[in-house]
Amino acid sequence: MGGNVTLFCNTTSIKDTKVTWMKKSDVIVHHGLVFYPSKYMEYSSINGSFLTIMNTKVDDINVSYTCICDVFSYDAILKLNDSNYVVLPDAKNTTITWSLAEITLVNVAFHCVYPMPKCELFHNKSLLSTTYRSDHQNVDHFHNASISVISNSKICGGDIELRCTLMTLNLSVGSKHVLPACSEKHSELQTFSYMHVLVALCIAVGGCIATCIGAAGYFIRGIRKGMLYPGQEENYQTPVKKYGGKGYNGSCTLTCLCTVSNNISVYDISSQSCGHNNSCLL
C-alpha cells in the first residue's frame, strides 16, 4: 500500500476528450477539473483519459470507478489480483526469527502484503534445499502472512539470506551471519584430523631413522670384518693367555693369541714338536 494506481478510459471511438470520473457516486474529476488534487491526477490524450490514484489506501480498493464521456459511461471495480497489483512488505512490520542449530529454521511474519510471498534461503548466495510452510489471514483484502523455511543442509561460516518473491519482484528480506560455533566445531574436527596425521608421520619417520641407524651399524661392522686377516675376529677384551693341546701322533697344534692394538691376531701352527710337559713349542 501507499503506491499509485492508474486507470485508463478509452474514448477513441467517441472522439471526445472531455471526461468525468466518479468514485462510487462522488465526482472526483470533471472535464479536466480535479476536485481532490492531493489524491487524484488526471491526464487526457487523443486516445482517452488517465486517472491516477495517489497514495493508495484500503478504501480505494474493491470500489466502483466510473468514466463518463458524452452520453457513454463505463464503470469497473478496482480489484487486487496477482498480475496487476503488488503490496510490498514494510520492514517496520516484518518480524524474522533465526534458528541456526542442527537445522536451519527461519520464521518470517509479514503484515499487509499482496500477493502471498514465496521465500527461499541462500547460503553465501547459493540456494539451499528447503521445506516450506505458510499460513495467512485476509485483512481488508490483504494478507497477514506467516512463513517458515527449513533447511537440513549442514552449513558453516558465511551468511544466510532470506529472499522472497512477490509476483516478479525478488526482495532480500533479511540476512544473518552463521553462528561461530558451527565454524569452531568444523575447525576442531580438522585440527583433530591433522594431529592424527602428524603423529602417524612422526612415528613413521622415527621408525625409518631407527632402521637406518641399525643398517648403518651393521654395514660398518661388515666393513671392519672385511678388513681383518683370514681367521681374525674382533675382540675388545683384555689379552688372552696362550693355550695349547696335544694332537694326533704326538704332533701338536698350537694356537697363540696375542693382542695388538685391540685386535686379536690368531696363528695356527701345526705339526710342531711338543715341548716340555707336552707344551707346544712356538
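The values are calculated or read from the model by the stated rules, or taken from the named source; none is laboratory data. Model, not experiment: these values are computed from the prediction. Virtual Cβ from ideal backbone geometry, glycine too; neighbours counted across all protein chains shown.
What are the residues in the range 40-80 that are of a type outside the set (A, V, I, L, M), out of contact with any Asp or Glu (no Cβ under 8 Å at 6 or more places or on another chain) and assigned to a strand (DSSP E or B), if any?
Y40, E42, Y43, S44, S45, G48, F72, S73, Y74, D75
Count, please, the residues in the range 142-182 that happen to be assigned to a strand (DSSP E or B) and basic (K, R).
2
Restricting the range 130-160 to residues that are small (G, A, S) and modelled with pLDDT of 90 or more, which is nearest to the chain's Cα centre (by Cα)?
S151
Would you please name the residue that is surrounded by the most Cβ atoms within 10 Å (Cβ to Cβ), looking only at residues in the range 81-122 that are of a type in the set (V, I, T) and in a loop (DSSP other than H, G, I, E, B)?
V86
Across the range 123-133, what is the total count of residues that are buried (at least 16 other Cβ atoms within 10 Å of the Cβ) and either under 14 Å from C164 (Cα atoms) or in contact (Cβ under 8 Å) with a residue 60 or more places away in the chain (or both)?
2
What's the total number of residues in the range 32-56 that are touching a Gly at 6+ places or on another chain (Cβ under 8 Å) and in contact (Cβ under 8 Å) with a residue 40 or more places away in the chain?
The qualifying residues number 2.
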